[in-house]
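A short worksheet on the structure shown next.
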Amino acid sequence: MTNYLKNTYNNTSLKNIELLIEYLKKIGGKPLLIACRRQNAFKLSWTSRDKMLISRCHIQNAVDYLEYIKTDYSEKQIKVVIADLASHIKTLDKNEDVDFILMSTNTLPSAIHFDIATKLFFNHQIREQNQDNYSTDILTLYSIRLALESRVRGLLGIDYAVSKGKNIGLSTLIKISKNLTTIEYSKEIDWGEIDWINKWLNHNMHRHIRPYPWSIFQALESLKFFIDPKDPLIKDGRKIYSFYSTTYVEDESSYEKEVETKLKNQYPDIEIKWSYKKEILKSTVANNR
């Protein structure tokens with residue numbers, strides 16, 4: 001029986017974390033494509049025959065996450081990762097000791113959520129004892145969801161849209177956005193992953209489930225290309241830096257007409273309140289830089 005988890009759980013030193021990472025790389029097997037790892041990280045249902053692949057994906061995603069935080073981490077953070085990894089390690093390595101872990105429930109009492117909300121509003125912080133993954137990861141999901149919806153509505157130029165008294169949901173707006181032809185999207189944007197993440201966010205938020213921290217990490221890594229790009233848009237040999245560089249529009253009038261047409265085709269009685277500002281990079285703005 002090996003004790004990589006137990007050793008790191010009892011002593012979260014950098015050396016032990018690096019030994020744990022090497023062990024996880026070994027049992028995780030041949031590196032899988034990032035698209036495969038993300039799809040399985042955000043998957044909401046599976047069969048028993050998928051179990052081995054899903055565990056490998058989670059192990060490899062956990063390695064990415066540990067590599068990212070290993071130079072700036074808390075003891076609680078590492079212990080949460082180890083506890084979350086236990087079931088997947090049992091699938092891939094029967095010799096690793098996981099019985100020492102006192103598994104925590106995956107949900108928090110409503111009173112704790114309310115206490116966190118109160119402290120955030122009045123004190124702009126939460127209690128030190130709640131500053132860990134178990135308490136804050138659910139809040140992170142709401143922030144990611146808010147950022148994603150804000151970005152999609154922003155590029156469409158929509159404040160809100162209703163049909164027969166019901167709001168048009170984000171899933172529909174994503175479907176419309178990815179099929180637009182009058183907008184040039186960055187090649188880094190993966191609409192398939194955005195779909196997976198949106199469904200995964202809704203599932204976990206509605207059921208108040210805390211997902212694995214490495215899955216949250218992968219969601220952030222995927223969405224940064226869409227919501228917070230760091231690389232410039234290269235246009236006519238020029239570098240253009242903008243929050244909205246991943247959504248470039250040459251003809252704004254044609255773009256507006258296409259958005260409205262696609263919405264009305266799906267919802268003939270739709271009522272749309274347009275935003276004053278769109279989250280797109282317009283050709284006129286690009287040409288002035």
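The values are calculated or read from the model by the stated rules, or taken from the named source; none is laboratory data. Keep in mind it's a predicted model, so treat the numbers as computed, not measured. Note that we place each Cβ from the backbone using ideal geometry, even for glycine, and neighbour counts take in every protein chain shown. We work out accessible area using only protein heavy atoms, side chains counted, and drop any ligands, DNA or RNA first. Shrake-Rupley method; radii C 1.70, N 1.55, O 1.52, S 1.80 Å.
Heavy atoms of the protein chains alone define the surface here; on that basis the chain has 56 Å² accessible area per residue at 1.4 Å probe size.
Partner aspartates and glutamates whose Cα lies under 13 Å from the Cα of LYS43, excluding those fewer than 8 positions away in the same chain, are identified as GLU193, ASP195.
Residue pairs exceeding 19 angstrom between C-alpha atoms, taken from LYS166/LYS264; LYS257/LYS278; LYS15/LYS224; LYS224/LYS264: LYS15/LYS224; LYS224/LYS264. Out of these labelled values of volume of the Cα convex hull per residue in Å³, (i) 192; (ii) 181; (iii) 147, which was calculated from the coordinates shown here? Entry (ii).
Mind checking the angle between helix 191-207 and the chain's longest principal axis? C-alpha axes, 0 to 90 degrees, to the nearest 10. On a 0 to 90 degree scale, this one is about 60.
Distances between placed amide hydrogens fall under 5 Å for GLU96 paired with THR2, all partners being 5 or more residues away or on another chain. Please give me, ordered by residue number, the GluC sites (Glu not before Pro) of segment 183-289 that lie in loop per DSSP and have at most 16 other Cβ atoms within 10 Å. Sites meeting the loop and neighbour criteria: GLU188, GLU250.
Taking the 1.4 Å solvent-accessible surface of the chain as the whole, the part contributed by carbon and sulfur is 51%. Any idea what angle helix 75-92 forms with the longest principal axis of the chain, computed on alpha-carbon atoms, 0 to 90 degrees, nearest 10? With rounding to tens, the tilt is 80 degrees. Write out the trypsin sites (Lys or Arg not before Pro) in segment 51-93 meeting two conditions: DSSP loop, and at most 15 other Cβ atoms within 10 Å of their Cβ. Taking segment 51-93 and a limit of 15 other Cβ atoms within 10 Å, the loop trypsin sites (Lys or Arg not before Pro) found are LYS70. Around the amide H of LEU281, modelled in the peptide plane, lie the amide H atoms of THR247, TYR248, VAL249, all under 5 Å away and 5 or more residues distant in sequence or on another chain.
The heavy atoms of LEU173 offer some 0 square angstrom of accessible surface to a 1.4 angstrom probe.
If you take the Cα centroid of segment 13-65 and the Cα centroid of segment 161-182, the two points sit 34 Å apart.
Using only alpha carbon pairs under 8 Å that are at least six residues apart, calculate the relative contact order of the chain and give it in whole percent. After rounding, I find 21 percent.
In a DSSP loop and with at most 16 other Cβ atoms within 10 Å, the trypsin sites (Lys or Arg not before Pro) in segment 206-249 are LYS230.
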